[in-house]
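Peer 1: Let me give you the structure first, and then I'll get to my questions.
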Amino acid sequence: MSGVDLSRSSTAGFDPGRSYPVRALWVVVEALVLLNPIVTSYGLKRWLLRRFGARIGRNVILKPNVHVKYPWRLSVGDNSWLGERCWVDNFVHVAIGANVCISQGAYLCTGNHDWSDPAMTRFVEPVTVEAGAWVGAFARIAPGVTVGENAVVTLGSVLLENAEAYGIYSGNPAVRVGERKLRAAEASDA
C-alpha cells in the first residue's frame, strides 16, 4: 500500500483570475482595511472590494476582520451582513444573495483536497448562499454547497450538503432539524 506523497502535488491548471501584482496589492489593501479592526467605514470597504472586481450590493455591512481571498470572485446582494472574522475562501465564485447574514467566524470554503489521491490534488467548487439565509457564527460551508433561500445553518455547524429553502440545519455534519417560520413584518408606527 502506497502512502501520501505531497511532493507530487501541483497547482497546475489553477487560474487565480488576476496577475500576481494585483493579488499582492489585494493582500496589502485587505490587511490595511478589511482585516484592520480600527477601520470601520462600510462604504470604504464596499468601494475597495468593488475596485478589485467584487459585485457588492447596496447597504452591505462588512464588520472588522472580514477576510476575502479573491474579491473578483465574490458577489454580495443588497442589505447583507458579513460578521467579524468571517472568511470567504473563494478560489472560485461565492454568491451571497440579498438580506443574508454571515455571522462571526463563519467560513465559506470553495476548495478542498482529494484525500484518496496520494498527491492530495486540490479541487474547487463554488458556494452559494441564497437570499434571506443565515449562516450562524463559526459555521462551516463546504465546497459546492448551496444554502437555500431563508435557510439557517446554526452556530458551529458544518454543512457538507445543500440546505433546502427555509430549512434549519444543525450539527457536524449538519442535518435538517426544523423549518424556519418567519413572522409577518410588523407595521411601523409612522
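Peer 1: Classify region 33-90 as rounded, prolate or oblate, taking a ≥ b ≥ c as the square roots of the eigenvalues of its Cα gyration tensor: rounded when a/c is under 1.5, otherwise prolate if a/b is larger than b/c and oblate if not.
Peer 2: Rounded, because the longest to shortest axis ratio a/c is under 1.5.
Peer 1: By DSSP, what percent of the beta bridges with both residues in region 121-190 are antiparallel, rounded to the nearest 5?
Peer 2: 35
Peer 1: What does the C-alpha gyration tensor say about the overall shape of the chain? Classify as rounded when a/c is under 1.5, otherwise prolate if a/b is larger than b/c, or oblate.
Peer 2: oblate
Peer 1: Below 18 Å, Cα to Cα, which aspartates and glutamates can Lys63 reach? Residues fewer than 8 away in the same chain don't count.
Peer 2: Within reach: Glu30, Asp78, Glu84, Asp89.
Peer 1: Once you sort the root eigenvalues of the Cα gyration tensor of region 17-65 as a ≥ b ≥ c, which label holds: rounded (a/c under 1.5), prolate (a/b larger than b/c) or oblate (the other case)?
Peer 2: Because a/c hits 1.5 or more and a/b fails to exceed b/c, region 17-65 counts as oblate.
Peer 1: Next question. In what order, largest first, do Ile141, Ile38 sit by accessible area if the probe radius is 1.4 Å?
Peer 2: Ile38, Ile141
Peer 1: Would you kindly state how much longer the chain becomes between Ala187 and Asn162 on full extension, computed as 0.36 nm times their sequence separation minus their alpha carbon distance, in nm to one decimal?
Peer 2: 5.6 nm
Peer 1: For region 175-184, in order, what is each residue's ³J(HN,Hα) by Karplus, 6.51 cos²θ - 1.76 cosθ + 1.60 with θ = phi - 60°, in whole Hz (x at glycine and Pro)?
Peer 2: 10, 6, 10, x, 10, 7, 10, 9, 5, 5
Peer 1: OK, next. Only helical DSSP H runs with n ≥ 4 go in: add -39500 (n - 2.57) per run for the chain, normalise by residue count and round the 222 nm mean residue ellipticity to 500 deg cm²/dmol.
Peer 2: Dividing the helical sum by the residues of the chain leaves -3000 deg cm²/dmol.
Peer 1: Starting from region 127-190, pick out the trypsin sites (Lys or Arg not before Pro) whose DSSP state is loop and whose Cβ has at most 10 other Cβ atoms within 10 Å.
Peer 2: Passing both the DSSP loop test and the Cβ count: Lys181, Arg183.
The values are calculated or read from the model by the stated rules, or taken from the named source; none is laboratory data. Predicted model, so just to flag it, every value in this text is computed and none were measured. Ideal geometry is used to build each Cβ from the backbone, glycine not excepted, and the neighbour counts take in all protein chains shown. Protein only, heavy atoms only, side chains kept; ligands, DNA and RNA dropped before computing areas. Shrake-Rupley method; radii C 1.70, N 1.55, O 1.52, S 1.80 Å.
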